[in-house]
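Enquirer: Below you'll find the structure I mean.
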Amino acid sequence: MGASAIAEGLFRETPEPTLIGGRHRETGRIVFPCPGDATRWEAVDLPRRGTLWSWTVQRFRPKSPPYTGPEDFTPFAIGYVELPSATIVETQLSGVDFDRLTIGMAMELTTMSFSTDADGNEVRLYAFTPVTEG
Amino acid sequence: MEDVYIVGIGIHPFGRTNGMSGLQQGANAARAAMADAGLEWPDMQFGFGGSDSAGNADTIVNELGLTGLPFINVKNGCATGGSALIGSWQAIASGAHDVGIAIGFDKHPRGAFNALPAEYSLPEWYGEAGFMVTTQFFAMKLQRYMALHGISPTSLGRVAEKAFRNAVHADHAWRRSPVDIDTILNAQMISDPLTKYMFCSPAEGGVALVLASAKKARELGRDQVRIKAAVVRTRPPGSFEVFSPCMDIERGGAPTLLASKAAYEMAGIGPQDIDLAQLQDTESGAEIMHMAENGFCGDGDQEEWLANGWTNIDGRLPVNTDGGCLACGEPIGASGLRQVYENALQLRGLGGGRQVPDNPRTAYSHVYGAPGISGVTILER
């Protein structure tokens, strides 16, 4: 059984987790994910750390389709994380205590096991998790 | 431009009507609106109408009669009803027609709206990962607004409590039993900070409005309620919208700000001149944020407004007098016209137990929805 990202071109896992955004070749505007039109957008690595812009907790299982997460649902936190001088990205929040989520808290990119596809392969997704200074 | 009057209003009750299609509910509303105006289907010179998920509105001729009238389908998300109204208003304001009808209806399955990425030009992974859920957006916009402007959960509860209290007196509402604020605040959390009583539910219903020129309205003895403004706007740069994988750090305006400003300019009046308002309340925080976005108060002032009951029926600016989407449910294609129906009813003094006192003269309605559109109308008696 293998493991693969939920989609190609969203993020890399090695040597460290990195989100891949797109920079507009004329305006310099940065977006996520990188749009497919390579004549107008070039892929760029996004900053790995940022601050929590807003958040909520998904308390019920989203409808399938389109959701492909586990049938055995457990609530998960989602949010927007502001990546300095780049963009604000929407993301699942992993390794968080729902009661301790605060706008402005420091977050960093990680990856997580999201689900298992029909062939038994692991599907992986990017996420942000609170920065643990050590 | 010619003045345009609302000469007939009709509604099919919101909520659930088993065994009746959305289109049939729209036809029921149309019959009621024409009867209210003293007119019949062959009198309609044109129609504009739409639904989000209950089919093409022009097939309503099968229900109402094959008169050969031009009927334009509208499919514009939450602004479907507002856009149908604008089309109808322009058809008469331009002098092309004397009388016509705007119809909005819908019928959605139970549970959350089931949006698919391709419908919004988004990649498949975005839906697979669990981001295609409208409640998340409303919760996150609100969560940040509450933190920035000091809005309390109690205020969210007050909005929902008011909605159910007003709906007790609205025949067309779905949820017509009062719910006390402690029950609302302590109910099951759906998407933090919003509990189940703070969200509207997808529903069914139909609304129709018959519009006419000044000359025709006078003939009918129905020259009371005039459309002063009807506008729809899409989003400006830097707005925060549903289904956004990212957004710019430099924050900007909102479609509601654009629509509101344009409507006040068209009407030649300002928010201080409005006597009552129907504001998009997909969830109770949306009503709070839209109070400010439509110019009725400053950001953060809503705490004082709600604590003092200023948006109650007898307050300084009654808001969502029929219980809004929270109590009526959300049939997307019909909600915008429901707001205008309620405003016209109030301006005619027919609100019954929910009638705004002291003969209101101006009424404002506002819808907002995916993917960043807003519609505003202003009526005057």
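Enquirer: Which residues, taken from the range A:89-108, are of a type in the set (S, T, N, Q) and more than 8 Å from chain B (Cβ to nearest Cβ)?
Expert: Matches in the range A:89-108: A:T91, A:S94, A:T102.
Enquirer: I'm trying to understand the selection: among the residues of the range B:299-335, which are among the hydroxyl-bearing types (S, T, Y) and free of Cβ contacts under 8 Å to residues at least 12 places away in the same chain?
Expert: None - no residue of the range B:299-335 is among the hydroxyl-bearing types (S, T, Y) and free of Cβ contacts under 8 Å to residues at least 12 places away in the same chain, so the list stays empty.
Enquirer: Just one of (1) farther than 26 Å from B:I332 by Cβ; (2) part of a loop (DSSP other than H, G, I, E, B) trips up B:E265, so point out which.
Expert: Here B:E265 clears every test but (2).
Enquirer: Among residues belonging to the range B:258-296 that are acidic (D, E) and surrounded by fewer than 24 Cβ atoms within 10 Å (Cβ to Cβ), point out the one that is nearest to B:A163 (Cα to Cα).
Expert: For the range B:258-296, the residue satisfying everything is B:D275.
Enquirer: Could I ask something else about it? In the list B:A344, B:A327, which residue meets the criterion of being part of a helix (DSSP H, G or I), among the hydrophobic types (A, V, I, L, M, F, W, C) and either farther than 18 Å from B:I11 by Cα or in contact with a strand residue (DSSP E or B) (Cβ under 7 Å, 6 or more places away or on another chain) (or both)?
Expert: Residue meeting the stated conditions: B:A344.
Enquirer: While we're on this one: Is at least one residue of the range B:127-137 within 9 Å of chain A (Cβ to nearest Cβ), free of Cβ contacts under 8 Å to residues at least 60 places away in the same chain, closer than 22 Å to B:H366 by Cα and not charged (D, E, K, R)?
Expert: yes
Enquirer: Another question about this same structure. Taking the condition of being surrounded by 14 or more Cβ atoms within 10 Å (Cβ to Cβ) and among the hydroxyl-bearing types (S, T, Y), how many residues in the range A:15-38 meet it?
Expert: 1
Enquirer: What are the pairs, 6+ residues apart or on separate chains, where a residue within the range A:9-33 that is under 12 Å from A:V89 (Cβ atoms) has its Cβ under 6 Å from a residue that is charged (D, E, K, R) and surrounded by 13 or more Cβ atoms within 10 Å (Cβ to Cβ)?
Expert: Final answer for the pair search is A:I30/A:R23.
Enquirer: If you don't mind, another one. Limited to the range B:276-313, what total is found for residues that are under 21 Å from the mean Cα position of the chain (by Cα) and part of a loop (DSSP other than H, G, I, E, B)?
Expert: 11
Enquirer: Taking the range B:92-122 only, how many residues are in contact (Cβ under 8 Å) with a residue 12 or more places away in the chain, in a loop (DSSP other than H, G, I, E, B), within 14 Å of chain A (Cβ to nearest Cβ) and not small (G, A, S)?
Expert: 6
Enquirer: Continuing with the same structure: I'd like to check which strands (runs of 3 or more DSSP E) are fully inside the range B:183-251 and have at least 1 residues that are more than 10 Å from every other protein chain (Cβ to nearest Cβ).
Expert: Correct list: B:204-213, B:226-234.
Enquirer: Name the one entry in B:F105, B:F138 that is touching a strand residue (DSSP E or B) at 6+ places or on another chain (Cβ under 6 Å), more than 30 Å from A:F73 (Cβ to Cβ) and either at pLDDT below 95 or crowded, with 18+ Cβ neighbours inside 10 Å (or both).
Expert: Criteria check complete, one pass: B:F105.
Enquirer: Only one of B:P236, B:P255 is farther than 28 Å from B:G351 by Cβ and surrounded by 22 or more Cβ atoms within 10 Å (Cβ to Cβ); which?
Expert: Only one candidate passes the filter, namely B:P255.
Enquirer: When the range A:59-74 is examined, which residues are found to be of a type outside the set (V, I, T), at the interface with chain B (Cβ under 7 Å from one of its Cβ atoms) and either closer than 15 Å to A:F114 by Cα or within 12 Å of the chain's Cα centre (by Cα) (or both)?
Expert: A:P62, A:P66, A:Y67, A:G69
Enquirer: For the range A:89-134, name all the residues that are farther than 20 Å from A:D72 by Cα, surrounded by fewer than 22 Cβ atoms within 10 Å (Cβ to Cβ) and among the aliphatic types (A, V, I, L, M).
Expert: Passing the criteria: A:L101, A:I103, A:M105, A:A106, A:V131.
Enquirer: Looking at A:A77, A:A43, A:A86, which is the one that is more than 12 Å from chain B (Cβ to nearest Cβ) and small (G, A, S)?
Expert: A:A43
Yes/no per residue for (1) in contact (Cβ under 8 Å) with a residue 40 or more places away in the chain; (2) among the polar types (S, T, N, Q):
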site	(1), (2)
A:T68	yes, yes
A:D72	no, no
A:G95	no, no
A:D99	no, no
A:A106	yes, no
A:T110	yes, yes
A:E122	yes, no
A:F128	yes, no
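The values are calculated or read from the model by the stated rules, or taken from the named source; none is laboratory data. Being a predicted model, the structure only gives us computed values, none of them experimental. Neighbour counts run over all protein chains shown; Cβ positions are idealised from the backbone, glycine included.
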